[in-house]
Structure formats: C-alpha cells, structure tokens
There are 2 protein chains.
Amino acid sequence: MATPGRRVAIVGAGFGGLWAARGFAHTDFHVTLIDRNNYHTFLPLLYQVAAAEIEPEEIVYPVRSILRPLRNVDFLLADVRGIDFAARTLHTGAVQVPYDYLIIAAGSATHFYGVPGAAEHAFSLKTLDDGVRLRNHILCSFERAAQDMNAERRRRRLTFAIVGGGPTGVEFAGALAELMRGPMKADFPRLDLGDSQVILVEGAGRLLPSLPERLGQYALRRLKKMGVEVRLNTVVDHVDATAVRFGDGSTVATETTVWTAGVRGEPTASNWGLPLDRNGRVAVGPGAEVGGLPGVYVIGDLARAEENGKLLPMVAPVAMQQGTWVAKNIRRREAGKAQLAFHYRDHGMMATIGRNAAVASVGGLALTGFPAWVAWLAVHLVKLIGFRNRLFVLINWAWDYFLFERMVRLIVPSASCRGCD
Amino acid sequence: MATPGRRVAIVGAGFGGLWAARGFAHTDFHVTLIDRNNYHTFLPLLYQVAAAEIEPEEIVYPVRSILRPLRNVDFLLADVRGIDFAARTLHTGAVQVPYDYLIIAAGSATHFYGVPGAAEHAFSLKTLDDGVRLRNHILCSFERAAQDMNAERRRRRLTFAIVGGGPTGVEFAGALAELMRGPMKADFPRLDLGDSQVILVEGAGRLLPSLPERLGQYALRRLKKMGVEVRLNTVVDHVDATAVRFGDGSTVATETTVWTAGVRGEPTASNWGLPLDRNGRVAVGPGAEVGGLPGVYVIGDLARAEENGKLLPMVAPVAMQQGTWVAKNIRRREAGKAQLAFHYRDHGMMATIGRNAAVASVGGLALTGFPAWVAWLAVHLVKLIGFRNRLFVLINWAWDYFLFERMVRLIVPSASCRGCD
C-alpha cells in the first residue's frame, strides 16, 4: 500500500484520539484511527441518557462523519488485539496496521476497587451501552413494581443507590429524582411513590470533593430538597442483586446500585504489553511517550501523566489538549523542530443538579444556582459534536423544562424487559 | 379490587388496540391494555429505520404517554401467556386480568411460507428490534467489506436481496439504494461501490400488485433508474447465510436477504387456544367476535374478517377502524342499543420510492412523482403519534433531502458489530 508520508495509528475515537487525528488535518501523514465503535460518545451527557432525558443517539456521532473532511485519515472499526512494538504493527482481526507513530487513547473504565459483588451487580456509566442498559433497568423496575403485590419487594425495586458523590453521581442523583417525582409519578398514578427513594453515597465527608467546598454544600442542600438521601463518610463493602451493604454494616435493599465512584485505565490495554500501574494506567514521560518505546504515545484517561509533580486529572479537556499537542509534536519532529512542553489549561469544572440548579468552578469563581445552570447548559450544548445533536438535545431539554415531561421513556431493545411480568 | 364498571381487557398496543382503548375514553368501563413493549410502533416508517434515515425512537411512542389522559385505562407491560375463556381471565407472569370483554389485537408477523432457511437467515421488517438489527447489519457489512481483501466476499457483503415487491419491499429498496449511492459512498471513499448491488425480487409479473398497474410500472422504472435490479416472476426457494436461491435454480451470493413477501397472524396467538387458519389468523364473524366465545373480539391483522364476501386487507386503517367500532359496539351493548355493522373506509394506498418519487392510489386517482411524494410525506407525518416525533422526523427528512446526508449511521448497541474485524 503506497503511503503518502509517515504512518500514524491512533487507538480510540474518544476526545484524545479525535483531537489527535484532527491535529494531522491537511498534512501528508497517513493516519488510521481505530475504534471498536463506529461512533464517538459525548460522555458528559451519558447520565441524561440513563435518566431517560435524551436519546442515546443524541450524544453519539458517526466517526466517519467527523473524519470526512480529513482525506488523509482512514477509519477502521476494530478491536486492537495486540501490538508488536518491535515490528511497529497493530494486530486487529482482519487487518494489520503498520505505523511509524502510535498514539494510544483507549480511555478508561469503571474502577470497583475490588468491592465484592460490585463488578457483577452494580451498573456502570462509562459507555453508551451502559447508559441504555441502566435506563431500561430503571423504567423496567417501575413496570415491575406496578405489578408487584409484595410491599417489601416493591420498595426494593423503587430504591436506587448511587455510589460516588463526584460530578457524575451528583448529576445522576438529581436527574433521577426529577424523573421519579415528575414523569414517573404521572405515568404510574396507582403506584405509591412514597416507596421510592434515591440514595447518594460518598466516602468523603462532603459532595464534589474536587470542587470548592461551598459548591459541595450547595449540591447537598439542593439534593436533599429534591428528596435525595445523601450519606457522607460512607463506603460500600458489598453489592448483590437485591442489596448494598455499607462499611458500618448497615444495608439498603435495592435492585439498582449505580457505581460512579472510581475510574481506571481501560482494561483492554493489559493485552498490549504496556507497563500498567495499579489503576490500570500507563506512566508516560513529559513528552507523553512510553519509556523504552520511542514513537509510542499514551494520552487521555489511560495515561498517567504529571505536570509540575502533580497528576493530571482524568477529564476530557486533558485528553483533547494532549491530542492536539502530541500531533503537533510529531509534526515538529518530522520537520526537525524542537518538541513543545505540555501545559494543561484548566477551564474549570461544573455539575448540574436539577432544574435551575448547578455548580461551576471557573477561573477562581464559584457559581451556584441559575447562573451556573445556564452556563452548564451552554457549555455542554456547544461542546456536543454535530448540529443535529445540539438541536435535538436542545428540544428535549426545552420540553423537559417547560412541560416537566420527558419524551424519552422507552425500553429498547424490547428484550431488556423480558421477564418483567 | 373495586372496578368502576365493566372490565375490558385489550391485548396489543398497536393501531387496533390503541384505537379500541381510546374508544372507551371518559366512560366508566375499566380498561386494561396489555403489550409486551412499553411503546407503540409506527410500522409504516420502520423501513426508514433500517435504512439509517431516522432514529428508532422517532417511530415509537410510550404507551403510558398516550394513555395518560384516559384515567380509566391501565397499562400492563406483560406477555399474555394464556387465556381462560371459561373463567374470563388472562394469565400473564405476575398478574391475572379478569375481564367481561376481551379485545385481541395482537397483530402479525413475517410469513416465510416454509421456504427453507428463510426463517433462520432472512431479515424481517415487522418490529422495532427487526429494524435496528437490519440497520446494524447493513452498516456493519460496509465496515467489513472495507477491511476485506477478498473480492468475492466483499461483493457478497455489498449485495442486498429484498424479497417481495409490495409497498415495504419497494420502499426499502429505494431507501437502501439512496443510502448506498449517497452517504455510504461519501463514508467509504476507498471502497469500490461498483461491487454493491440492491436486488428486488417479486413472484408476480409486476411490482405493487395491490395498486393500479400504472403505479407498478412507474415504481419499476424509478427503481431501475436508481440502480436497483428488479427480478419479476421470480420466487425464492432457499436462503442461507451467504446466498439466496431462486425458483429457476440461479443463485445470488449475499449476506443480506430481507423478507417482505408475506404476513401471517402473530404466532403467540397459538398459545391461547384460538382457532387459527393456515396463515395463523382467527376467523371472526361480522361483529368481530370469535365463534362460541361471546364477548371475545379479534381485530386488526390477527383477524380474518370479511366484508361483502371480500377479505379485509392486513393494513393499519382496518385495525384502527375496527378498534373504534368494536369499542362503540361494546358500549352500545351495555346500553342496550343495537349493534352497528362494520364498513371499511378505504382511503387508498401509497408507497414512496425515493427522492421526489412516490406512488399513491387515492379515491380512484393514481398519482406518481412529486405530487405523490409530497402527499406521502404529509400523510405519514400527520399519522405519526407525538409532536416531538413529528418534529424530529421532519428535521431528519429535511436534512436528508437538502444535504443528501443521513445523520443516523450508528451501530448501536455496539455488540451488534463485534467480530466486524
């Protein structure tokens, strides 16, 4: 195969991989972007899929659409089964991909920290399939409860435990409370929702530990007002299909435990012979290269990278900025120019709690309430890829906001609720 | 359980069941509507889901949303496992539903007429899951072909055989041809689409046998112009995973055979002890009641009903009109009034072929081309349930029409294309 220049292989079409691919636009590098899905997922809105607020299709975008303007970038739908670093070749099922430079941006997965039963019984919120599976399970739990004459089991089906008081846990707890007290109440007029409960569990002494303390306090007040039971200083030590047990020995009967408490490097990376730390991440040098493997870069959540002795957080902006920067450094290397150092530009963090209620920490400012909520909406709408997705999400949000109604309450595919009766 | 009046059980939330339920609005009948899905499916647009033109969620609508204004109608998400006609009780897994009147509107399924291999290897287009499965398979076939060095296998993966030249077959053939020559061509610039082919097979000597002859001729001309190969007077006698064989002994190598050639009564009905004909339908009297089972009505596709000695067709308008009519007759019976006879008001039939091209047979008029296409768009948009669905479908259609682009090209859930590489 004739290659119009040096060959770059990129593993993963998340934020890191896509931004890296875009960094080679209109160059004569021949780039192959590989992902196991044919779409990019906008993970910051995944919790809204799980809360039946927006459709799964609205937070994903076909990779081939994104790459169309980049004529030197090919897409390959495949799992990377192995990497031959000596021969500089990726192995997938049908195709071998030779490379001169390799950028690995395979992302992260839920970290259960070895809590017994968690990996088997708790729901994750890390992939589109996770979001759809959790949505189907929640809607199905209401349908099952409506048919159940046993009060104890009914209560268990309407109890939802969320583990982890970071942004995802807080956002999902709020969205779920609004789903239950709004649309579900209207859908199930004969079901006693006094039985229903959302419980948010956090190991630290406050919510949103990565944000200023005032914002955590605001989130706590708002969630309590919405009827969410928040348990601080509480760790989970066991999960099964009908209960979650806490460190103090107490248990809550529930068929739904959602785990947002930890993140680790994508486990697939362990098939590739890379050196992993105990969180499944690959330690990289200041240039994002793996020690002993020149030309092999790891970026995004999978990389354990430091700046000024501090670990970079596992968030989308780090991955995007690293993607752009690594692409630029590879181009500079080929042009014989000096390598640039990475500097993370932290634009802040935000989390929405519910209607008119959010928190945002931006450039030293700590916003709460309506201004933070408007900022959250605007930022997420702008960052979402694709005009159609933005439009459809906006329509769904407006519908939800003005009519207190969620249009999206489908159990699809239908097999997900078999055995509901 | 106290019942505020007579109890009506309705099986199936398709057109027949929903229209029957609506017929009891604001009465003191206590109605239970039972379906195995929590949504109603607008089947006339299912082929567009399979052709990646609209999202699956846009043609379905939550049953509980539809029933919300009807305070005397309950919904039950369940499979009907058995019916005790003597005790007048439906059995589902968790709940028994006693009734005074029973309306069975369970619909239809694909009829393979015993052609060997068809049930195992051909794709159906009768449920939402069917549509999504076929879409995923088609998109995945392109991804696989793009990775395949074997020319023969590549051609087989890009060949799509559609069996049945009725409205669904014609509409799907046109939509698939447009998908391939538009968005797929742009998505796979390095794939030789000269290898790709859409073949439409019909046993009769013309397309659209249920419409005026001129319309069938128009459809044939348009489809040929779009590159579709149409084989008339051709029956299928064998299907397997890599080929379809015709009555004359010739075969076409394909991994995708779509079966739109026949419809039978929903097979689940065979568990209920109803007398079925060889097409799995229940013969009913002029009042839609089953002989020997007073108070038990069968309507829609599952019913074999006659009017003036002619069988009623298995189409949505028959089901809707029967639903309304049966509900009215049950109310009249309870009020001691005479039963009304059924009269099918045939509003005509239409089928779209592609951009600016459709056929419509309405009230003696036979329209083709742009006027028929506009009529088709308007009728389907109006009939679709839910303002949000109408809006989203309209946006997708406009996108497709003006930008020659389909926004919807996702292989979801992701497991559907595992083994793609």
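Points to keep in mind about this one:
- Ordering B:24, A:160, A:112, B:246 by the number of other Cβ atoms within 10 Å of each residue's own Cβ, fewest first, gives B:246, A:112, B:24, A:160.
- Copies compared at residue B:116 - label distances in nm, ascending, label defined 7 Å from Cα in the Cβ direction: 5.6
- In plain terms, the residue of A:199, A:299, B:83, A:162 with the fewest other Cβ atoms within 10 Å comes first and the most crowded comes last, giving A:199, B:83, A:162, A:299.
- FRET efficiency, 1/(1 + (r/R0)^6) with R0 25 Å, evaluated for residue B:387 and residue A:370 via beta carbons: 0.35
- The residues neighbouring residue B:253, those whose beta-carbon lies less than 13 Å from its own, together hold a net charge of +2 under the Lys/Arg +1, Asp/Glu -1 convention.
- Residue by residue along A:57-67, Cβ atoms of other protein chains within 10 Å of the local Cβ number 4 on average.
- Three-way shape call for segment A:316-390 based on the alpha-carbon gyration tensor, with the a/c threshold at 1.5: oblate
- Distances, shortest first, from the label point of residue B:190 to those at the same position in the other copies read 6.0 nm; the point lies 7 Å along Cα to C-beta.
- Each Cα pair of the protein assembly as shown feeds into the Kirkwood radius, which the Stokes-Einstein equation turns, at 37 °C and 0.692 mPa s, into a diffusion coefficient of 113 µm²/s.
- Ranking of B:61, B:113, A:344 by neighbouring Cβ atoms within 10 Å, starting from the fewest: B:113, A:344, B:61.
- Seen from residue B:118, the other residues with C-beta closer than 13 Å to its C-beta sum to a net charge of -1, counting Lys and Arg as +1 and Asp and Glu as -1.
- Fraction of antiparallel bridges per DSSP, chain B only, in percent to nearest 5: 50
- Kirkwood-type radius of chain B, with distances r between different C-alpha atoms, in Å: 22.7
- Label-point spacing for residue A:292 across the identical copies (point 7 Å from Cα in the Cβ direction), in nm and ascending order: 8.0.
- Global form of segment B:238-333, assessed from the alpha-carbon gyration tensor, a/c cut-off 1.5: prolate
- Remark: for residue pairs B:126/B:224; B:185/B:225; B:126/B:383; B:185/B:224; A:185/A:224; A:185/A:225, the C-alpha separation exceeds 21 Å in B:126/B:224.
- Its DSSP H runs of at least 4 residues, each contributing -39,500 (n - 2.57), put the calculated 222 nm mean residue ellipticity of chain B at -9000 deg cm²/dmol, to the nearest 500.
- Span-like helix ranges in chain A, DSSP H, alpha carbon extent 20 angstrom or more, Kyte mean at least -0.5: A:128-146, A:369-383, A:387-403
- Measure of compaction for segment A:106-163 (Cα Rg per 2.2 N^0.38 Å): 1.34
- Segment B:134-252 shape via C-alpha gyration tensor axes, a/c threshold 1.5: oblate
- Close amide H partners of residue A:10, meaning residues 5 or more places away or on another chain with modelled amide H under 5 Å apart, are A:32, A:33, A:34, A:103.
- Note on residue A:195 and residue B:283: their simple-model spin labels are 4.6 nm apart, each label 7 Å out from Cα toward Cβ.
- Note on segment B:202-256: the C-alpha convex hull projects to 4.2 nm² when averaged across all orientations.
- Here the 3J(HN,Hα) profile of segment B:256-273, calculated from phi with Karplus coefficients 6.51, -1.76 and 1.60 at θ = phi - 60°, is 9, 10, 9, 9, 10, 8, x, 9, 9, x, 3, x, 3, 4, 5, 7, 9, x Hz, Gly and Pro shown as x.
- Our note on the geometry: Cα centres of segment B:239-273 and segment A:347-369, 56 Å apart.
- Across chain A, the relative contact order, built from alpha-carbon pairs under 8 Å that are at least six residues apart, equals 20 percent.
We did not get these values from a lab; they are worked out from the coordinates using the rules stated. Values in this document were obtained by computation on a predicted structure and should not be read as measured data. Positions of Cβ are backbone-derived with ideal geometry, glycine not excepted, and every protein chain shown enters the neighbour counts.
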